[in-house]
Structure formats: structure tokens, C-alpha cells
Amino acid sequence: MDEIAALLEPLIPGLRRYAWALLRDDEAADDLVQDTLERAIGRWHSRHRDGGLKAWLFAIQHNLFLDRMRQRKRRGLQVSADVLTDMAAPGTEPEHHAGLRDILTALNSLPEEQRSVMLLVSVEDLSYEDAARALGIPVGTVMSRLSRGREKMRRFMDIGGTTVLRRVK
């Protein structure tokens, strides 16, 4: 068990970042990480030795996240993005805080498929292959979603996230 813990422990901060980015809630993120680690330990015997441990853990976490979102959807609950307005980071300049909020808002505006790829590749530094393995999609799909997600983020940041309304007569 100490061997497993030694392999998993360095990966926990990345799992936590990814969980928080998906859920925007500290407690829910901690629960997701704990469930991920419990499932990984419980199914340790079934992991592929030749595959990357990091990609395997992110795959477990992503699948648990999707399962929870499906359950919430069936129950009629909505995931709220209101947490973004209460993100005051101690010791940071207001401009930095506003920029961080803009980036998180832009990221949150992406479809879940693009947001997951962006987080795994750009934040958690997974290779395209590892991200594809974690999400269970082809590498080409990772590249396509990443490209579209980055373009949407650029556009969002260029226009400041304002919604353009169209007049209908």
C-alpha cells in the first residue's frame, strides 16, 4: 500500500486542480479527488502497466465527473458558476484578480468537451496522447477540440466576454 501511495501522492495536486476547474467548488472537488483515488486503489490490479498512471487517474476522474453531471441532470440540479464572483485571492492586485476571473469565465463558457481538453493539455500538461487516453477519444479529436477551445477563448478575451444581442423586429 505504501508503494501505491508513493505513486499517487505526487499526482494529487493536479487531480485537485482539474476537479476544481470542472466543479468550481472546493468541497465537491475534494470529494471528486477522494472518489478518484478510492476507485484507483480499488481497481489497481486492473490498470495497464504500460499506460501512464497520470492519464489513467484523469480518465477515472473525468468519468466520475461525467457520471455526477448525468445524475444531476436527471435530478434537475444545475451547476452554478456564481463561485467566480467570490474568488478574492488574498494578496493579489485587483487587476490580476479581474484577469483571472475573465480567464475562468471564458473557460467556463466552453462546452465541457473543449474545457476538459484545455484543462488536461494546457493546465495539467498531459500530452495529446495521454489526454486522448484519459478522455477515451482519438488524438485527432483532442487536437480539434483544443484548437476550437483556444479560438473560443481568444475571441472571448478579445471582446471581453460581452454578449452581442441581435435586434429582432
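The values are calculated or read from the model by the stated rules, or taken from the named source; none is laboratory data. All values derive from a computational prediction rather than experimental measurement. Quick reminder, even Gly has a Cβ in these numbers, built from the backbone with ideal geometry, and neighbours come from all protein chains shown.
Brief remarks follow.
- Within region 1-32, considering residues that are aliphatic (A, V, I, L, M) and either over 24 Å from Ser109 (Cα atoms) or in contact with an Asp or Glu (Cβ under 6 Å, 6 or more places away or on another chain) (or both), the one modelled with the lowest pLDDT: Met1
- Among residues that are out of contact with any Lys or Arg (no Cβ under 7 Å at 6 or more places or on another chain) and modelled with pLDDT of 80 or more, Leu110 is not included.
- With respect to the conditions (1) modelled with pLDDT of 75 or more; (2) assigned to a loop (DSSP other than H, G, I, E, B), Pro90 lacks only one, and its number is (1).
- No other residue among Glu129, Glu95 is more than 15 Å from the chain's Cα centre (by Cα), at pLDDT 90 or above, surrounded by fewer than 20 Cβ atoms within 10 Å (Cβ to Cβ) and not in a loop (DSSP other than H, G, I, E, B) apart from Glu129.
- The set of residues from region 37-56 being in contact (Cβ under 8 Å) with a residue 60 or more places away in the chain and not basic (Lys, Arg) comprises Gly51, Gly52, Ala55, Trp56.
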